[in-house]
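Comments concern the structure below.
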Amino acid sequence: MSAHLGLDIGSTSIKLIQVEGSKVKFLSIASNPSSKTITAMTNTEKIALTDIIKSVISEAGVRETKVVASIAEPLTYSKVMKFPVMSSPELATAIKWELDQSVPFPPNDIETSWTIIDKPDKFNGDEKISVYVVAVPTTVSDTYVQILELAGLEPIRLENEVPALTRTFSEHLDDESPSLIVDIGASGTNVTLSGKTKIFNNYYITVGGSVMTRLIADSFSLPVDQAESYKRTYGILKDQLEGRMVVVLKPVIDNLVGEFKKMIISFQDENKGKLVSKLILTGGGSYLLGVIPYLTDALGGLEVVTGDSFAGMAVEEKYNGLGPVFALGMGLAL
């Protein structure tokens, strides 16, 4: 059994998972009624969140208290940076300078971590080192730790979403032909271009399932809960509701497609002869009916597959269809 729990604290749901080899040992999911990131919550909402986490743990019947938890990607700064070949002390200085120029947080109030993801074997003078860098405001990480401890958990690591998602799908990734991992959540979409051991690029788009639901509500004059039901029932199938859902959702999805294309073109321009192999679609947005053929066509025939984090895992039958929504939690548990 993994020595810790994976806890995905999302804006609309809280997901807990523990794995044992190739078996999902425990999992539980509960609604986050505030629909906010932790830093946007009032003290009352934070207390309510703590109670929800406690109930999720209790529901799963888990005794383990050590946890690896996710920090919402919009609350972090994460980027692949490239530098000339240099020593580790010089690299640390260069990263700090770069963060001082680009991070939208006070430079003295952040915690940073970085790892070299690509380093040339030979040096001819113009080679670059690729470094994945993450910066988080101390106030953010402190708030997460406080909430977890109040819930009776022992946080052994806080992690932004990108590395957890790449870990989940690492067996299906290749450094020579990387994949786009697209995690469409309620409040936004994580897009990561990754191989098995290398992250090439990542981007967070503040467009997710909630925007789609609101557009449906406005276009059909429906309450939000009914609009959500429409989205789940009809998706973007052209033969449903006389194609009106396609008309409503097309601008949002095309906006996402535009960002995918930029990342693909950028990679192929920098890596002549290499191609992006596929798009792995996960998160709640992967359930949108008709989205896979739509994306396949919009991306010129690129293979698009559902990112099921339970593939190859033993899991209770009633949870079989929840693999995409537990993708982040699985990466944390691993």
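If you go through the range 168-204 and keep only what is within 11 Å of the chain's Cα centre (by Cα) and not small (Gly, Ala, Ser), you end up with Thr168, Ile181, Val182, Asp183, Ile184, Thr189, Asn190, Val191, Thr192, Asn202, Tyr203, Tyr204. Go through Thr12, Thr39, Thr44 for me and flag whichever is in contact with a strand residue (DSSP E or B) (Cβ under 9 Å, 6 or more places away or on another chain) and more than 18 Å from Leu165 (Cβ to Cβ). The match here is Thr39. Does Leu322 satisfy the condition of being assigned by TED's automatic domain parsing to the domain that holds Leu281, surrounded by 13 or more Cβ atoms within 10 Å (Cβ to Cβ) and not aromatic (Phe, Trp, Tyr)? No.
Rundown of residues vs (1) of a type outside the set (Asp, Glu); (2) at pLDDT below 95; (3) farther than 27 Å from Glu64 by Cα, yes/no style:
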site: Glu127; (1), (2), (3): no, yes, yes
site: Ser130; (1), (2), (3): yes, yes, yes
site: Thr139; (1), (2), (3): yes, yes, no
site: Leu150; (1), (2), (3): yes, yes, no
site: Arg157; (1), (2), (3): yes, yes, no
site: Leu165; (1), (2), (3): yes, no, no
site: Ser170; (1), (2), (3): yes, yes, no
site: Asp175; (1), (2), (3): no, yes, yes
site: Pro178; (1), (2), (3): yes, no, yes
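Residue check: Val134 meets all listed conditions (1) surrounded by 14 or more Cβ atoms within 10 Å (Cβ to Cβ); (2) assigned by TED's automatic domain parsing to the domain that holds Phe83; (3) over 30 Å from Ile47 (Cβ atoms) but one, namely (3). For the range 305-321, a residue qualifies if it is farther than 17 Å from Thr166 by Cβ and without any contact (Cβ under 8 Å) to a residue 24 or more places away in the chain, and the qualifying residues are Glu317, Lys318, Asn320, Gly321.
Could you tell me which numbered condition Val68 fails, if it satisfies all but one of (1) part of a helix (DSSP H, G or I); (2) touching a helix residue (DSSP H, G or I) at 6+ places or on another chain (Cβ under 6 Å)? Here Val68 clears every test but (1).
Of the residues making up the range 4-29, those that are surrounded by 17 or more Cβ atoms within 10 Å (Cβ to Cβ) and either free of Cβ contacts under 8 Å to residues at least 60 places away in the same chain or assigned to a helix (DSSP H, G or I) (or both) number 4. Taken as a whole, the structure places Ala217 among residues that are free of Cβ contacts under 8 Å to residues at least 40 places away in the same chain and of a type in the set (A, V, I, L, M, F, W, C).
The values are calculated or read from the model by the stated rules, or taken from the named source; none is laboratory data. The structure displayed is predicted, hence computed values, not measured ones. Reconstructed Cβ throughout: ideal geometry from the backbone, glycine too, with neighbour counts over all protein chains shown.
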